[in-house]
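So the structure is just underneath, and the comments pick up after that.
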């Protein structure tokens, strides 16, 4: 994996590259991976997906745009080159989650391309890759979208529509009310669905309608029947050392675990919210939070894994690796991969990188010839 730097400073803000009115720092360069590295990452994602697909009982006709939030692992110390840095061979250390609802990285990338064209020209367009895949899958040059009401949807959605409409797929946006009346097919659900309401970006009645309507029309980003059947539920990617808080036995085990080694996470979450790190929490408060999480019924205790720390141009940073796919049943079709980067100190304080919460955008990853 290599990092090509086009300017001396690592990050830059620019007018208009914002979310919720807050400026986003953009990497002044881009990452590249070899074809061998990319193929290995795709293979790992496919194995994980097949297992999660089987455990969740997801329908074979499922179609969705999904993203793997991987913790990368690099070999050795970055070596400075004429163009930037050689980070060594990249591997996968861990997986934080699979986003199966409405990944927003392609919309962030669309706005990034508009605001930083001199950098984005070197990397593939996320929106273009998704537009081509949807056109081919549905054998159409037009699709109807119902946009959710999340902050990123409001901030970046128009840039996404503009990019996709310039790349062979006409996206016609409609309201939830009009979708119910006209029943367009295919219908692209670009918004989080949660029938319990906590993470939902649509009204409950529309979510219920979507769940039933997909029996008769093509709904892109298939709606799960429940949280327990949602393939994005972290229970389906849990490892042996992780503890799902769904029984008194597991609760008792969780209370005995070394808090500094664990993270309390919602099984079905969104945007890095409601994550609690044991080593950032008072011991008594930690146990109280575990008990409350057990009573809530939507949490698990996961082994803590931090992102890699690398020193670039005298600045220590953390970065992740997020490959995205078109899922058709249990098969994955690679679309693109993006990175997020953040100075180490601010990352270590929050322990998460999320552009909605102040993280920086690293652009899509190019493949070396």
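Tabulated data
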quantity	calculated
Test: residue in region 308-325 that is in a helix (DSSP H, G or I) and either in the same structural domain as residue 116 (by TED's automatic domain parsing) or within 18 Å of the chain's Cα centre (by Cα) (or both)	no
Boolean, residue 9 is out of contact with any helix residue (DSSP H, G or I) (no Cβ under 9 Å at 6 or more places or on another chain), within 26 Å of residue 327 (Cα to Cα), at pLDDT below 95 and assigned to a loop (DSSP other than H, G, I, E, B)	no
Some residue of region 136-144 being closer than 18 Å to residue 19 by Cα and in contact (Cβ under 8 Å) with a residue 60 or more places away in the chain	no
Test: residue 240 is over 19 Å from residue 276 (Cβ atoms), part of a helix (DSSP H, G or I) and outside the structural domain of residue 328 (by TED's automatic domain parsing)	no
Boolean, residue 329 is modelled with pLDDT of 95 or more and either in the same structural domain as residue 13 (by TED's automatic domain parsing) or under 25 Å from residue 86 (Cα atoms) (or both)	yes
Exclusive hit being within 19 Å of the chain's Cα centre (by Cα) and more than 29 Å from residue 150 (Cα to Cα), set 43, 75	43
Residue match in region 210-217 (condition: under 23 Å from the mean Cα position of the chain (by Cα) and closer than 21 Å to residue 61 by Cα)	yes
Residue match in region 49-65 (condition: surrounded by 15 or more Cβ atoms within 10 Å (Cβ to Cβ) and without any contact (Cβ under 8 Å) to a residue 60 or more places away in the chain)	no
Residue in region 285-301 that is farther than 17 Å from residue 234 by Cβ, modelled with pLDDT under 95 and crowded, with 17+ Cβ neighbours inside 10 Å present	no
Single condition residue 168 does not satisfy, out of (1) closer than 25 Å to residue 273 by Cα; (2) not in a helix (DSSP H, G or I)	(1)
Residues (touching a helix residue (DSSP H, G or I) at 6+ places or on another chain (Cβ under 7 Å) and not in a helix (DSSP H, G or I)) located in region 171-189	171, 173, 183, 186, 187, 189
Qualifying residue in region 25-37 (condition: surrounded by fewer than 17 Cβ atoms within 10 Å (Cβ to Cβ) and closer than 26 Å to residue 150 by Cβ)	no
Residue within region 341-354 that is more than 29 Å from residue 109 (Cα to Cα), in a helix (DSSP H, G or I) and more than 20 Å from the chain's Cα centre (by Cα) present	no
Residue identified as assigned to a helix (DSSP H, G or I) and either within 16 Å of residue 192 (Cβ to Cβ) or touching a residue at least 40 places away in the same chain (Cβ under 8 Å) (or both) among 91, 162	162
Test: residue 115 is within 30 Å of residue 5 (Cα to Cα) and touching a residue at least 60 places away in the same chain (Cβ under 8 Å)	yes
Among residues of region 171-198, those that are modelled with pLDDT under 95 and loosely packed, with under 15 Cβ neighbours inside 10 Å, counted	2
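Conditions (1) in a helix (DSSP H, G or I); (2) under 30 Å from residue 268 (Cα atoms); (3) touching a strand residue (DSSP E or B) at 6+ places or on another chain (Cβ under 9 Å), marked per residue:
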position	(1), (2), (3)
47	yes, yes, no
54	yes, yes, no
59	no, yes, no
66	no, yes, yes
70	no, yes, yes
73	no, yes, yes
82	no, no, no
96	no, yes, yes
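The values are calculated or read from the model by the stated rules, or taken from the named source; none is laboratory data. Just so it is clear, the structure is predicted and the values come from calculations on it, not from any experiment. Neighbour counts run over all protein chains shown; Cβ positions are idealised from the backbone, glycine included.
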